[in-house]
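Below is one structure, written out as structure tokens; the observations come after it.
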Amino acid sequence: MANHKSSLKRIRQTETRRLHNRYYAKTMRNALRDLRATSDKEQATAMLPKLQEMLDKLAKRNIIHKNKAANLKSSVAKHVNALA
């Protein structure tokens, strides 16, 4: 167990941040899943900008890496463009 007040505070902060980051990462994964499952081009085109914005925001806040965000945006854009 921690011996210092500062380490107890750090433990509390870390847990709060972990839960916060986990929530937003899971939300992003669900949005990706929904977009990839869509076969309607119009619906997918409408969902794409919101997803890209979400990925950029998560990368900016260091919840996901910026290259991961770029790779996901690229692959999702390819998927949307391939829809007939």
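What follows draws every value from the coordinates through simple rules; no lab data is involved. Keep in mind that what you see is a predicted model, and the values were worked out from it rather than measured. All Cβ positions, glycine included, derive from the backbone under ideal geometry; neighbour counts span all protein chains shown.
Calculated from the structure at hand, semi-axes √(5λ) of the Cα gyration tensor in Å is found among [x] 36, 11, 8; [y] 19, 12, 12; [z] 24, 14, 12 as [x].
R0 = 25 Å: FRET efficiency of Asn30 with Ala84, Cβ-based, nearest 0.05?
0.50
Full extension of the chain segment joining Lys5 with Ser74 gains 20.3 nm, where the gain is 0.36 nm per residue of separation less the Cα-Cα distance. Within the set of other residues whose C-beta is less than 13 Å from the C-beta of Lys9, count the net charge using Lys and Arg as +1 and Asp and Glu as -1. Spelling it out: positives minus negatives among the neighbours equals +3.
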